[in-house]
Amino acid sequence: GQSLEQPSEVTAVEGAIVQINCTYQTSGFYGLSWYQQHDGGAPTFLSYNGLDGLEETGRFSSFLSRSDSYGYLLLQELQMKDSASYFCAVPNRDDKIIFGKGTRLHILP
Amino acid sequence: KAGVTQTPRYLIKTRGQQVTLSCSPISGHRSVSWYQQTPGQGLQFLFEYFSETQRNKGNFPGRFSGRQFSNSRSEMNVSTLELGDSALYLCASSTTGMAEAFFGQGTRLTVV
């Protein structure tokens with residue numbers, strides 16, 4: 001089976017850096033993705049890591065270590081609009097994507 | 001390019017009734033997945049369809065069913081509604097083999 005663990009909540013200050021961790025257990029590994037969801041909105045894709053290392057997209061970066069079954073999402077220069085829920089997710093061979101329960105990011109001014 | 005469209009956006013149903021939700025994927029996307037989202041439980045996978053065939057199924061009772069049409073549009077049906085079925089139901093489409101899924105705005109179902 002597949003399961004993902006991530007913290008339920010994280011709090012950070014505007015302008016700071018925050019890291020959201022995700023550990024996973026999968027039968028077969030096809031990469032780790034991250035999604036953002038604002039209250040009342042739909043999840044939107046942020047990033048994908050298929051290989052070990054860091055992927056950077058503007059203020060957001062995502063890291064993967066396959067040997068540790070671990071990844072994280074790094075958000076820099078936090079803005080109030082980054083307040084949202086963040087989900088890590090793993091796809092399987094047949095396009096079934098399993099999501100973690102999400103991390104609620106609270107940003108303080 | 002139009003995004004994923006789900007209808008209706010909101011529904012209120014009574015216990016015991018049934019409901020059908022609709023999802024139109026992005027043009028060219030043949031994989032459609034359905035998720036149930038409730039507070040604290042994240043996105044729970046319901047099922048995934050590709051070319052009118054159910055390829056994957058989550059751990060939901062048989063009251064939850066779905067189908068996909070030849071134009072890739074998909075429907076999900078919930079029969080004998082229970083209060084616990086109240087949730088946001090999200091549909092996502094993707095191009096097979098891609099890690100990125102595109103979500104619709106969801107259908108908010110309330111069972112009273």
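The values are calculated or read from the model by the stated rules, or taken from the named source; none is laboratory data. Remember, it's a predicted structure, so these values are computed and weren't measured experimentally. Backbone-built Cβ (ideal geometry, glycine too); neighbour counts: all protein chains shown. Areas reflect the complete protein model, heavy atoms only, side chains present, ligands, DNA and RNA absent. Shrake-Rupley method; radii C 1.70, N 1.55, O 1.52, S 1.80 Å.
Quick one: which of A:Gly15, A:Gly1 is open to solvent by 40 Å² or more (accessible area, probe 1.4 Å), part of a loop (DSSP other than H, G, I, E, B) and either more than 14 Å from every other protein chain (Cβ to nearest Cβ) or at pLDDT 95 or above (or both)? Break it down into steps so the answer makes sense when it comes.
Values: A:Gly1 fails: either more than 14 Å from every other protein chain (Cβ to nearest Cβ) or at pLDDT 95 or above (or both).
Testing whether each residue is open to solvent by 40 Å² or more (accessible area, probe 1.4 Å), part of a loop (DSSP other than H, G, I, E, B) and either more than 14 Å from every other protein chain (Cβ to nearest Cβ) or at pLDDT 95 or above (or both) leaves just A:Gly15.
Residues A:Gln36, A:Gln6: which one is within 14 Å of chain B (Cβ to nearest Cβ), closer than 26 Å to B:Thr95 by Cα, touching a residue at least 40 places away in the same chain (Cβ under 8 Å) and open to solvent by 10 Å² or more (accessible area, probe 1.4 Å)? Lay out the reasoning, then the answer.
Numbers: A:Gln6 fails: closer than 26 Å to B:Thr95 by Cα.
Criteria check complete, one pass: A:Gln36.
Which of (1) touching a residue at least 60 places away in the same chain (Cβ under 8 Å); (2) within 13 Å of another protein chain (Cβ to nearest Cβ); (3) assigned to a strand (DSSP E or B) does B:Leu21 not meet, given it meets every other one?
Of everything listed in (1) touching a residue at least 60 places away in the same chain (Cβ under 8 Å); (2) within 13 Å of another protein chain (Cβ to nearest Cβ); (3) assigned to a strand (DSSP E or B), B:Leu21 misses just condition (2).
What residue, among those in segment A:84-109 that are touching a residue at least 40 places away in the same chain (Cβ under 8 Å) and in a loop (DSSP other than H, G, I, E, B), is farthest from A:Val18 (Cα to Cα)? Step through it out loud before you land on a result.
Here is the first cut: in segment A:84-109, the residues touching a residue at least 40 places away in the same chain (Cβ under 8 Å) are A:84-93, A:97-109.
Now drop any that are not in a loop (DSSP other than H, G, I, E, B), which leaves A:92-93, A:100-102, A:109.
Values: A:Asn92: 28, A:Arg93: 31, A:Gly100: 18, A:Lys101: 18, A:Gly102: 15, A:Pro109: 14 Å.
Result: A:Arg93.
Mind checking whether some residue in segment A:73-94 is more than 14 Å from chain B (Cβ to nearest Cβ) and β-branched (Val, Ile, Thr)? Before the answer, list the steps.
Going residue by residue through segment A:73-94, those that are more than 14 Å from chain B (Cβ to nearest Cβ) are A:73-83.
From what's left, β-branched (Val, Ile, Thr): none.
Looking for residues that are more than 14 Å from chain B (Cβ to nearest Cβ) and β-branched (Val, Ile, Thr), one finds none in segment A:73-94, hence no.
Filter segment B:80-105 down to the residues that are under 18 Å from B:Gly16 (Cβ atoms) and surrounded by 15 or more Cβ atoms within 10 Å (Cβ to Cβ) and list them by number. If you could, list the steps in order and put the result at the bottom.
Taking segment B:80-105 as the starting set, the residues that turn out to be under 18 Å from B:Gly16 (Cβ atoms) are B:80-87.
Correct list: B:Leu81, B:Asp85, B:Ser86, B:Ala87.
In segment B:58-85, which residues are under 13 Å from B:Tyr35 (Cα atoms), without any contact (Cβ under 8 Å) to a residue 40 or more places away in the chain and of a type in the set (S, T, N, Q)?
Once the filter is applied, which keeps residues that are under 13 Å from B:Tyr35 (Cα atoms), without any contact (Cβ under 8 Å) to a residue 40 or more places away in the chain and of a type in the set (S, T, N, Q), segment B:58-85 yields B:Asn59, B:Ser65.
Under 30 Å from A:Glu9 (Cβ atoms), surrounded by fewer than 15 Cβ atoms within 10 Å (Cβ to Cβ) and facing chain A (nearest Cβ under 10 Å): is that true of B:Gln41 in this structure? So that I can check it myself, show each step before the final result.
Numbers: under 30 Å from A:Glu9 (Cβ atoms): yes; surrounded by fewer than 15 Cβ atoms within 10 Å (Cβ to Cβ): yes; facing chain A (nearest Cβ under 10 Å): yes.
Answer is yes for this residue.
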